[in-house]
Amino acid sequence: QVQLIESGGGLVQTGGSLRLSCAASGRAFSSYTMAWFRQAPGKEREFVAACRLSGGCTYYAGSVKGRFTISRDNAKNTMYLQMNSLKPEDTAVYYCAAGYRQSSYSDKRIYDYWGQGTQVTVSS
C-alpha cells in the first residue's frame, strides 16, 4: 500500500515558476513508475511527466517539454515537478501517481495509487 500527498501548488503569474512535491508513505517507491498528471475543470486527466525504473526521469508530454522537469529522490520517497515559464494553459489540479507496471506510462489506467491533488493556477 502506497499513500501519496502532493504539495507546492499555488497562484502564479504567466512566466512564473512553481515546484510541486509528492511525498510517499507506507512503502518505498524506488521500483515504481512515478508520474504527474493534471486535470482542468471539464477536461480529461492528462499525462504530464513520468519516471521509470528503466529510462529514468525522461518522459514528458509535448506541451511541457523544455519547461517542466521531473525528478525523484528515492532516499526521501519524494518526487518533484519543477515548472518554469508557466502559462495559463497549465492551470489545473496536479496529481501524483505511482504504479508497479512500467508499460504505457502515459496511460492513467496503469497507475495503482493517486494523491489528492494540488491546485496550480496561472494568471495572465
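The values are calculated or read from the model by the stated rules, or taken from the named source; none is laboratory data. No experiment lies behind these values; they were computed from the predicted model shown. FYI the Cβ positions are ideal-geometry reconstructions off the backbone, even for glycines, and counts take in every protein chain you see. Accessible surface areas use protein heavy atoms only, side chains included; no ligands, DNA or RNA. Shrake-Rupley method; radii C 1.70, N 1.55, O 1.52, S 1.80 Å.
Go through the stretch 69-107 and give me each residue that's open to solvent by 60 Å² or more (accessible area, probe 1.4 Å), within 28 Å of residue 31 (Cβ to Cβ), of a type outside the set (A, V, I, L, M) and out of contact with any Leu (no Cβ under 9 Å at 6 or more places or on another chain).
74, 76, 100, 101, 103, 104, 105, 106, listed by residue number.
Tell me which residues, restricted to the stretch 21-49, are at pLDDT 95 or above, among the basic types (Lys, Arg) and part of a loop (DSSP other than H, G, I, E, B).
Across the stretch 21-49, the qualifying residues are 43, 45.
Considering 21, 63, which residue is more than 22 Å from residue 100 (Cα to Cα) and surrounded by 13 or more Cβ atoms within 10 Å (Cβ to Cβ)?
Being more than 22 Å from residue 100 (Cα to Cα) and surrounded by 13 or more Cβ atoms within 10 Å (Cβ to Cβ) holds for just one of 21, 63, which is 63.
Looking for something modelled with pLDDT under 95, in a strand (DSSP E or B), touching a strand residue (DSSP E or B) at 6+ places or on another chain (Cβ under 8 Å) and not β-branched (Val, Ile, Thr) - is there at least one such residue anywhere in the stretch 5-20?
Scanning the stretch 5-20, I find no residue that is modelled with pLDDT under 95, in a strand (DSSP E or B), touching a strand residue (DSSP E or B) at 6+ places or on another chain (Cβ under 8 Å) and not β-branched (Val, Ile, Thr), so the answer is no.
Among the listed residues 44, 89, identify the single one that is out of contact with any strand residue (DSSP E or B) (no Cβ under 6 Å at 6 or more places or on another chain), more than 20 Å from residue 114 (Cβ to Cβ) and of a type in the set (D, E, K, R).
89
Could you list all residues from the stretch 51-72 that are assigned to a strand (DSSP E or B) and either at pLDDT 95 or above or within 14 Å of the chain's Cα centre (by Cα) (or both)?
51, 52, 57, 58, 59, 60, 65, 68, 69, 70, 71, 72 - these are the residues of the stretch 51-72 that are assigned to a strand (DSSP E or B) and either at pLDDT 95 or above or within 14 Å of the chain's Cα centre (by Cα) (or both).
Within the stretch 24-46, count every residue that is of a type outside the set (D, E, K, R) and open to solvent by less than 30 Å² (accessible area, probe 1.4 Å).
Of the residues in the stretch 24-46, 9 are of a type outside the set (D, E, K, R) and open to solvent by less than 30 Å² (accessible area, probe 1.4 Å).
In the stretch 86-124, what count of residues is obtained for those that are in contact with a Gly (Cβ under 6 Å, 6 or more places away or on another chain) and either over 12 Å from residue 50 (Cβ atoms) or among the aromatic types (Phe, Trp, Tyr) (or both)?
Going through the stretch 86-124 one residue at a time, the tally reaches 8.
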